[in-house]
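Here's the structure we're looking at; comments come further down.
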Amino acid sequence: MEHQKELEKLNNYQKDAVLDDSGVCIVKAQVGSGKTTVLIAKIVYLHQAKKIRYRDMIVLTFTNKAANEIKARLLRADDSICTDDLAGFGTFHSVALHFLKDVLPVQDLGYTRDFLVIAPDEELDIALGIIREKKLTVKYKNRLKKRLEQATAITDEAQKVSPYQDDIFTLVELLRAEKISQNKMAFADLIQNATALLTNDQQKPRWIIIDEVQDSDQLQLEFINRLKGSETRLFAVGDPNQIIYSWRGSTLNVFAALREQYDARERSLPINYRSSGSILAAAKCFLRDGSDLTGSRETGSKIIIKNQYNPFNEACYLADRIAAIHQQGTPYGEIAVFYRTQNQSRVFEDVFLKNGIPFEVSLKKTIRDIPVLNWLIKLLRFSLNPNDWSSGVEVLSNKDYGEKRTAKAALKTIKDPGANQSGLLGKMRGFVSHGGEMTTPATIYTYFELDRQIRPTASTYQEDKAAIDGLLQLIIEYVAEKQLPFLEGLTDFINSSALYGINILKKDISSQADSVKLMTLHASKGLEFAYVFITGINYGLIPLHMKSPAEEAEERRLFFVGMTRAKDVLELSYYTNPDDYRVIAGESRYINMIPPQLVENESVKAGGEVNLQDLKKQIQAAQSEGSEAPEPAETVVAVPEKQVRHHKYGIGTVLKEDETMIEAEFENYGVKEFIKAFSELEYL
Ligand SMILES: Nc1ncnc2c1ncn2[C@@H]1O[C@H](COP(=O)(O)OP(=O)(O)OP(=O)(O)O)[C@@H](O)[C@H]1O
């Protein structure tokens, strides 16, 4: 990649950003204005023109996908780069992990360098185990994750007083100690521990480059601050209109925070290169202030709005429509279908499969989602680290795999050094000394006698065996690729699988295969397609039921992100019968926010009315296919957002209401149904 040639392709705003040499520069970029393009050009420019070694750069991205894309483009262009040079390129978590493994004195916190990373659910399991074992009183266990996060963030001793008069702060301390004794770090620990250990003694990078900076949270900003030396330059790119992860704790005013802290230079990228004029104009209606966003393309075709009877009909329609688009010459890979929640993908998968439409689903089906692999990973964890007794207990007491002891008996054997070490426990304890022999999937399989552990007589045997073979193969390939000794490579693999949720069943959505991509609006961030279909624009889906104006604003930004993935054609749809009682029939007001002059309404009319002829045909067609086409549902009456107060559940949002019944959703208790006459609900 020749940096001069790269620079020539850029517009002046982009060029200025690449050449900027300020101590701290933040680039406020509009959607599709070339953030990724600029970021890569900047890295290449710094390396080639300014002679900055890749090792002296830290490049932080929000997703693993973005980091991989950057690394792949650099590796393709320059074969002298070795992967170690790019160890500082990755997500916040993976870069923190790199520092903890390779640079920082983790022993100061009580860890050893071969610590393992655990996913949030696993941390919760440990916390629940402690509550049980120590008989702690902890209220609102259904919100335990959130409560732990909040309590962990409080460092001032005087403030460590539980609002519910329970043992949450004792739990935080015990959990911290337990993770250290088991040599495990949870995701949040990675950044927190790296931040705590970073001092001025470490060699500081010459450049820190951050992508999607708008999604950073307080912890990440502190990490950046510690990482930055007085001579380090900082270059951050982001788009305030694409904040869609504030529920994970991103700091909403990240730009202001950076500006204030570093007296940063601000630049902008205002020109969108991706979307046609109509798409951009429609998307702008969802911005609080879209005045800076400028397009560079022709008006193009109008936005199409479709009213579908239900998700099944929608899927049938899309299968036909996509086949026609493809026949006219558009590759399948240029077509995407978006929805709000993951479970909406199912009907598209079924119908597309039946109709021969190739597709991929961006569904993180991770190791943790497959019971036998979840069990096997725990087995490998305990084998690598005998202090990880909670994994050991789960392996021995799993109800489907292994020896199926009781949890109490398993714990007793694991903690008792004098106990009989034969069977699976003995195998796990002896594993490390046999590490050198583990060269093929079969040697690992045979060593643990996995055939016995997964029961050859069980109905799931073939499926489980195939899943295990697949995983073991993946491990062996991973270790070989990393050129690490087996045990070290295995530890590394287990850490990555916790961090990224290794995708084993379905291909990654970023694959180059020519197939239609199905994904949630969240997963669509950063991608682009010629044709985009956004489905289910009904209240309760797009937008979801919301509890506050801030949540509503985030829903709107999310819809904006989805719309702006489209280059040429954008089609929106909503249901008359959404198949889900929590979803309101008819279009949500997001449809009505698009000015009519930008919309082309086809045979079915927008505005909540249904073309009855079409509807009848669709239902007949569905019934003749033998599918379970539902009866036309009684129309659910769209209620304006109403709130109620309940003496126990607190404030809730009304979802459905008729003369006798009322249904409301409460933050900590979920959806509750009441008989109006007896409910003692107070309307707010
Ligand atoms: N100077 C340019 N001239 C022509 N096309 C460009 C230019 N810069 C970027 N593009 C094209 O515009 C599209 C959007 O670019 P890119 O994906 O880098 O934007 P982005 O800001 O990262 O997008 P998003 O906001 O969606 O994350 C891409 O197809 C890219 O090739």
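The values are calculated or read from the model by the stated rules, or taken from the named source; none is laboratory data. The shown structure was predicted, so the numbers you read here are calculated from the model rather than taken from an experiment. Heads up, the Cβs are rebuilt from the backbone with ideal geometry, glycines too, and the neighbour counts pull from every protein chain shown. Note: areas computed on protein heavy atoms with side chains; ligands, DNA, RNA excluded. Shrake-Rupley method; radii C 1.70, N 1.55, O 1.52, S 1.80 Å.
For this structure, a couple of remarks:
- Using θ = phi - 60° in the Karplus curve 6.51 cos²θ - 1.76 cosθ + 1.60, the 3J(HN,Hα) couplings for the stretch 41-51 round to 4, 5, 4, 5, 4, 4, 6, 7, 8, 9, 6 Hz; x is entered for Gly and Pro.
- Once backbone amide H atoms are built at 1.01 Å from N, Arg267 has Ile26, Val27, Lys28 as its partners under 5 Å, excluding neighbours fewer than 5 places away on the same chain.
- In plain terms, the C-alpha convex hull of the stretch 143-283 casts an average shadow of 12.7 nm² when viewed from every direction.
- Among the GluC sites (Glu not before Pro) within the stretch 315-369, not one is in coil by DSSP while having at most 13 neighbouring Cβ atoms inside 10 Å.
- Stokes-Einstein D (µm²/s) once Rh is taken as the Kirkwood radius of the stretch 116-182 over alpha-carbon pairs, at 37 °C in 0.692 mPa s: 269
- In the stretch 255-303, chymotrypsin sites (Phe, Trp or Tyr not before Pro) in a DSSP loop with at most 12 other beta-carbon atoms within 10 Å: none
- When both bridge partners sit in the chain, DSSP labels roughly 25% of those beta bridges antiparallel.
- Taking amide H positions as modeled 1.01 Å from N, with prolines and chain starts lacking one, the residues under 5 Å from Met185 and 5 or more places away or on another chain are Leu116, Val117, Ile118.
- Ratio Rg/Rh, restricted to the stretch 429-471 and using Cα atoms, in which Rh is the Kirkwood radius: 1.02
- Within a straight-line Cα-Cα reach of under 26 Å, Lys51 can be paired with the following lysines, leaving aside sequence neighbours fewer than 8 residues apart in one chain: Lys5, Lys9, Lys15, Lys35, Lys42, Lys71, Lys204, Lys228.
- Computed over protein heavy atoms with a 1.4 Å probe, the accessible surface of the chain works out to 47 Å² per residue.
- Less than 5 angstrom separates the built amide H of Ile537 from those of Ser573, Tyr574, Tyr575, all sequence-distant by 5 or more or on a different chain.
- Among the GluC sites (Glu not before Pro) in the stretch 1-78, those located in a DSSP loop and surrounded by at most 10 other Cβ atoms within 10 Å of their own Cβ are Glu2.
- Computed [θ] at 222 nm, deg cm²/dmol, the chain (DSSP H ≥ 4; -39,500 (n - 2.57); rounded to nearest 500): -12500 deg cm²/dmol
- Inter-label distance, nm, simple model (7 Å from Cα along the C-beta direction), Ala49/Glu260: 3.4
- Multiplying the residue separation of Thr63 and Lys648 by 0.36 nm and removing their Cα-Cα distance gives an extension gain of 206.6 nm.
- The string of couplings for the stretch 299-315 from the Karplus curve (6.51, -1.76, 1.60, θ = phi - 60°) is 4, x, 7, 6, 6, 9, 10, 10, 9, 9, 5, 8, x, 5, 4, 4, 5 Hz, one whole number per residue in order, with x for Gly and Pro.
- For the chain, the carbon plus sulfur part of the accessible surface works out to 50%, probe radius 1.4 Å.
- Of all lysines in the structure, the ones whose alpha carbon falls short of 21 Å from that of Lys184, not counting any fewer than 8 places away in one chain, are Lys101, Lys134, Lys145, Lys146, Lys378, Lys415.
- Local net charge near Lys101, Cβ-Cβ under 12 Å (Lys/Arg +1, Asp/Glu -1): -3
- Ligands, DNA and RNA aside, Glu665 has an accessible area near 50 Å² when probed at 1.4 Å.
- Projected onto planes of every orientation and averaged, the convex hull of the alpha-carbon atoms in the chain covers 34.2 nm².
- Backbone phi angles across the stretch 139-147, fed through the Karplus curve with coefficients 6.51, -1.76 and 1.60 (θ = phi - 60°), yield HN-Hα couplings of 8, 6, 5, 5, 10, 4, 4, 4, 5 Hz in residue order; Gly and Pro are listed as x.
- Full extension of the chain between Ser548 and Gln483 yields a length gain of 18.3 nm, computed as 0.36 nm times the residue separation minus the alpha carbon distance.
- Length-normalised contact order for the chain - Cα pairs under 8 Å, 6+ apart - percent: 16
- The fraction of Cα-Cα pairs per 10 angstrom bin, counted from 0 for the stretch 384-435, comes to 27, 61, 13 percent, rounded to whole percents.
- Spatially proximal lysines relative to Lys672 (Cα-Cα < 21 Å; intrachain offsets below 8 disregarded): Lys139, Lys141, Lys547, Lys642, Lys648, Lys656
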